[in-house]
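Undergrad: Handing you a structure now.
The values are calculated or read from the model by the stated rules, or taken from the named source; none is laboratory data. As the structure is a computational prediction, the values presented were derived from the model and not from experiment. So basically every Cβ, Gly included, is an ideal-geometry build from the backbone, and we count neighbours across all protein chains shown. Quick note on the areas: whole protein, heavy atoms, side chains included, nothing else; ligands and nucleic acids left out. Shrake-Rupley method; radii C 1.70, N 1.55, O 1.52, S 1.80 Å.
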Amino acid sequence: AETSPSSSRSSPERVAPRSDRFATEALNERQIKVMNRILDGFEGKLTSSKWAKLATCSQDTAYRDILDLMDRGVLKKNPGGGRSTSYDLADI
């Protein structure tokens, strides 16, 4: 049996808006732990070093967690950089 070209095509992949992705993709345990701490009134600036201490993980893992949350639109990078890079909750 022949298949028509239209039946073998899949629909174009839709990329969900940030708010949709945040609602449907689960956070990992470290992200949940640190985000709860931030939402409960974290004092000072959030850095990858502080994330690593709060989540008891390496700084590389902390940075990957932060990048993931930045991609989801949950966190934003504050002005400044280098060793003083810090992050805040994004305006959602």
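Undergrad: From the set of residues in the stretch 82-92 that are in a loop (DSSP other than H, G, I, E, B) and in contact with a strand residue (DSSP E or B) (Cβ under 7 Å, 6 or more places away or on another chain), which is farthest from Lys50 (Cα to Cα)?
TA: Ala90
Undergrad: May I ask you to verify whether Pro17 is over 11 Å from the mean Cα position of the chain (by Cα), farther than 16 Å from Asp91 by Cα, modelled with pLDDT under 95 and not basic (Lys, Arg)?
TA: So Pro17 fails the test.
Undergrad: Okay, moving on. Does any residue in the stretch 31-46 that is more than 16 Å from Lys77 (Cα to Cα) and open to solvent by 60 Å² or more (accessible area, probe 1.4 Å) come within less than 7 Å, Cβ to Cβ, of a residue that is assigned to a helix (DSSP H, G or I) and not small (Gly, Ala, Ser) six or more places away or on a different chain, and which pairs are these?
TA: Lys33/Leu54; Arg37/Leu54
Undergrad: For residues that are basic (Lys, Arg) and assigned to a helix (DSSP H, G or I), scanning just the stretch 49-81, find the one that is least open to solvent (accessible area, probe 1.4 Å).
TA: Once the filter is applied, the top-ranked residue is Lys50.
Undergrad: Just one of the numbered conditions (1) over 20 Å from Glu25 (Cα atoms); (2) out of contact with any Asp or Glu (no Cβ under 9 Å at 6 or more places or on another chain); (3) modelled with pLDDT of 90 or more is not true of Phe42; which one?
TA: Just one mismatch for Phe42, condition (3).
Undergrad: Go through (1) modelled with pLDDT under 90; (2) in a helix (DSSP H, G or I); (3) not basic (Lys, Arg) and name the single condition Asn36 misses.
TA: For Asn36, the exception is condition (1).
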